[in-house]
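The values are calculated or read from the model by the stated rules, or taken from the named source; none is laboratory data. All figures in this text were calculated on a predicted structure; none of them were measured in a lab. Every residue, glycine as well, gets a Cβ built from its backbone with ideal geometry; the counts of neighbours run over all protein chains shown. Only protein heavy atoms, including side chains, enter the accessible area calculation; ligands, DNA and RNA are left aside. Shrake-Rupley method; radii C 1.70, N 1.55, O 1.52, S 1.80 Å.
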Amino acid sequence: MRRRAWIAAAAVALGGALAYLREPPWTEAVTSGLRPWEEDPPGTLFRWTFGRATFFGPADAAPMTLPLRAVFPGPAGTPVTVDVRVDDRWLATITLPDPASWVESTMPLGRRPAGRRYRRIDLRVSRVVPPFMLGVMTGRVVFR
């Protein structure tokens, strides 16, 4: 009898731990493919991306404003493009034609996923510049 009680308690504890780790509170601070924050001369905070970057935002946000800037144009001056995906679904392709200016795109995020607190945002940059594999500059993302 004691063994069954111990197994039941362990199963409940394991279930609780797995439910907690499904979407832990620190998820919103997790990023991948982004360098540390920097500040350009006018005082704008930004982060460099690599070829692919991922960050998380609140699931209850409706639109997202994403500031991007491609300092290094593509070959022969072609614009750099950034594909934006939300929860593995394509949302938009943003074209960055002018290396000297920021492009702020506001995009609707669609319906909130059931039972989730955060959404994963993926950026795929069409061109990176060696040796540091710099993609585009990303400013502070605003979720509303």
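Within segment 115-144, residues that are under 14 Å from G51 (Cβ atoms) reach partners that are aromatic (F, W, Y) and at pLDDT below 95 with beta carbons closer than 6 Å, at six or more positions or on different chains, in the pairs V129/F72. Considering segment 98-109, the residues that are within 16 Å of the chain's Cα centre (by Cα) and open to solvent by less than 90 Å² (accessible area, probe 1.4 Å) include one that is farthest from F143 (Cα to Cα), namely S105. Residue under question is T49, and the condition is that it be touching a Ser or Thr at 6+ places or on another chain (Cβ under 8 Å) and surrounded by 18 or more Cβ atoms within 10 Å (Cβ to Cβ); does it hold? Spelling it out, T49 is indeed touching a Ser or Thr at 6+ places or on another chain (Cβ under 8 Å) and surrounded by 18 or more Cβ atoms within 10 Å (Cβ to Cβ).
Filtered by the rule that a residue be in a strand (DSSP E or B) and farther than 14 Å from S105 by Cα, segment 55-67 gives F55, F56, G57, P58.
Among the residues of segment 110-125, just one is open to solvent by 70 Å² or more (accessible area, probe 1.4 Å) and among the small types (G, A, S), namely A114. Looking only at segment 126-144, residues that are open to solvent by less than 40 Å² (accessible area, probe 1.4 Å) and more than 18 Å from the chain's Cα centre (by Cα) come to 1 in all.
Only one entry in A62, A29 is in contact with a Pro (Cβ under 9 Å, 6 or more places away or on another chain) and either at pLDDT below 95 or open to solvent by 40 Å² or more (accessible area, probe 1.4 Å) (or both), namely A62. Counting only residues that are assigned to a strand (DSSP E or B) and open to solvent by less than 10 Å² (accessible area, probe 1.4 Å), segment 68-93 holds 5 of them.
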